[in-house]
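Quick notes on the structure that follows.
The values are calculated or read from the model by the stated rules, or taken from the named source; none is laboratory data. Since this is a predicted model, take the numbers as computed values, not measurements. When we count neighbours, we look across all protein chains shown, and the Cβ atoms used for this are built from the backbone with ideal geometry, even at glycine. Each accessible area value is taken on the protein alone, full model and side chains, heavy atoms only, with ligands, DNA and RNA left out. Shrake-Rupley method; radii C 1.70, N 1.55, O 1.52, S 1.80 Å.
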Amino acid sequence: MSHSSHTDAAPPLKMGLKLPNSKLCMWLFLGTEIMFFTALIGTYIVLRLSSIDVEGNRAWPTNEVTHIVTWAGALNTFVLIFSSFLVVVAHEQVARGQFRKGLLALLLVFVCAVLFLGIKGYEYSGKIHHDILPGRIPETRQQAIQKTVNEIGTVATLNASDFATDGRGSDIKNALKAEHEKLETLLRQEKLTIEETERQVLNLAEDERFGEQIKSGVRMYFIYTEREKEKKDTNHPHSQYYIPYGNLFASCYFTMTGFHAIHVIVGLIIFFFPIKKGLTTGLEEADAQYIENAGLYWHFVDLVWIFLFPLIYIVQF
Amino acid sequence: MADHKSHDKIYWAVFFALCIFTGLSFAADELPVKEAGSESASGWSTPVIAVIVLAIAVAKATCVMLYFMHLKWERGWKYVLLAPTTILAIGFPIALMPDIGFHYYHQVPTETMIEASADHADHADHADHADHADHADHADGD
């Protein structure tokens, strides 16, 4: 293997930007991510502005009705801003050779991200508890009545043994089926108003044969108890049997915050590697570039949340 | 990586500013909202609150982008990168508005809408979202 004479120095002219390839790549990726989230957020804004009622007034459901917890959103904002700050600190420390401090900052960032996901999980569990989920919210009186009658029918399809274990089960089940048939007939004759439906549900819930099953299987009963609680606490019941534009709200909410949460999880993965390296072999000067790029991604996640928070939790158009 | 003098103090100042902004936007949630239909001067109208809150959001975003993401000290490529995305970000909602945002035709009342508007009348505790919308873009004939 003879070395030929053309292995001399690289040509003096260097093309390209004066920044590392990885950083440029990350910025290009962030550009696409900006477009991704502006698609979601822009659509949400347009849909929200256009959600009006017959008189042209804005009809998007309020935070009370949809059980939006503003303090949780504010806390999440603070957590993400703090973690953004920590990422910058981590990068500075590692670039200066202070590897232990940098590792500590990275660990705190990881903790902040997990905390964010925990608070988000608390919010999501509240939504699930109140059945504020896409496709599950009745939007008119008629839908609420129909859904309630359907749910009573579903309860009537439980096993006989779920009603009573001493052989009376099938009698009880048939009795409930008969009640359901009655309600279906009333519904077809258009005689069921929402007040009447509520009355029927409460009657069925008081029945000691199948009351427990009705209470747990019919959403209207649950909302009724919530309204009673709210009347006692605040004199201003806000839970509703039907929520105009409720499903649109739920879809927008879960799409935007869900994709954001996925990005936070990806951020966890991205930060896992330098943390692992720091805890095992230790960080080096060369890791500063990775941490800078990870930091750029994390700042972007923070940016998205900075816009999501006021648009979902605070503005009232 | 370009060697630059330490920006530590700036980062602390920016973090502090971001906390203040967050507190302000949370406080904006507590502002009294002008009730619909009332002619009284008390309370803030919803578009004004929206503008304030979004202005705070833009200020926070600028802080994060310029300082935490280091763009203040980067070179011209930042414009090449961000200009198309900004154009698309603003253009996209504008493009959608005529299709989804505007309401051109008189609403044909259906049974459900009549119910809904009757419901508006007899539910006094619905008052918080019966705002009068000053839609400049609301091209409804009536």
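Looking at B:Ala57, B:Ala13, B:Ala83, B:Ala41, can you tell me which residue is at pLDDT 90 or above and either among the aromatic types (Phe, Trp, Tyr) or surrounded by fewer than 17 Cβ atoms within 10 Å (Cβ to Cβ) (or both)? Every option except B:Ala13 fails the conditions. On inspection, A:Phe254 does not qualify as assigned to a helix (DSSP H, G or I) and more than 20 Å from the chain's Cα centre (by Cα).
Here A:Tyr221 meets the list (1) closer than 27 Å to A:Pro134 by Cα; (2) at pLDDT below 90 almost entirely, failing just condition (2). Looking at A:Tyr241, A:Tyr224, A:Tyr290, just one residue is farther than 18 Å from A:Ile68 by Cα and within 14 Å of chain B (Cβ to nearest Cβ), and that residue is A:Tyr290. Entry remark, the stretch A:38-47: residues being more than 7 Å from chain B (Cβ to nearest Cβ) and either farther than 14 Å from B:Thr86 by Cα or open to solvent by less than 10 Å² (accessible area, probe 1.4 Å) (or both) number 2 in total. The number of residues in the stretch A:221-245 being of a type outside the set (D, E, K, R), open to solvent by 40 Å² or more (accessible area, probe 1.4 Å) and part of a helix (DSSP H, G or I) comes to 4.
Rundown of residues vs (1) away from chain B (no Cβ under 11 Å); (2) of a type in the set (D, E, K, R); (3) in contact with a helix residue (DSSP H, G or I) (Cβ under 7 Å, 6 or more places away or on another chain), yes/no style:
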| position | (1), (2), (3) |
| --- | --- |
| A:Met35 | no, no, yes |
| A:Gly73 | no, no, yes |
| A:Gly97 | yes, no, no |
| A:Leu108 | yes, no, yes |
| A:Ile137 | yes, no, yes |
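Number of residues in the stretch A:74-127 that are more than 22 Å from B:Ala17 (Cα to Cα), open to solvent by 30 Å² or more (accessible area, probe 1.4 Å) and touching a Leu at 6+ places or on another chain (Cβ under 6 Å) equals 1.
Here is a check on your reading of the model: is A:Glu55 modelled with pLDDT under 85, surrounded by 11 or more Cβ atoms within 10 Å (Cβ to Cβ) and either within 20 Å of A:Leu303 (Cα to Cα) or within 13 Å of chain B (Cβ to nearest Cβ) (or both)? So A:Glu55 passes the test. Output the residue which, of all residues in the stretch A:97-152 that are among the polar types (S, T, N, Q) and in a loop (DSSP other than H, G, I, E, B), is farthest from A:Val65 (Cα to Cα). In this case the residue turns out to be A:Gln98. Residues in the stretch A:47-67 that are closer than 16 Å to A:Ile132 by Cβ and either acidic (Asp, Glu) or more than 23 Å from the chain's Cα centre (by Cα) (or both): 1 in all. The residues in the stretch A:39-68 that are in a loop (DSSP other than H, G, I, E, B), in contact (Cβ under 8 Å) with a residue 60 or more places away in the chain and of a type in the set (A, V, I, L, M) can be counted, and the count is 3. Answer with yes or no whether A:Leu202 is closer than 22 Å to A:Ala156 by Cβ, of a type outside the set (Gly, Ala, Ser) and surrounded by fewer than 20 Cβ atoms within 10 Å (Cβ to Cβ). Here the answer is yes, as A:Leu202 does meet what is asked. For the stretch B:51-93, give me each residue that is within 9 Å of chain A (Cβ to nearest Cβ) and among the hydroxyl-bearing types (Ser, Thr, Tyr). Within the stretch B:51-93, B:Tyr67, B:Thr85, B:Thr86 qualify. The sole residue among A:Gln200, A:Gln213 that is over 30 Å from A:Thr62 (Cα atoms), of a type in the set (S, T, N, Q) and in a helix (DSSP H, G or I) is A:Gln213. Evaluate the stretch A:207-230: report whether one residue or more is in contact (Cβ under 8 Å) with a residue 60 or more places away in the chain and small (Gly, Ala, Ser). The answer is yes; a qualifying residue exists.
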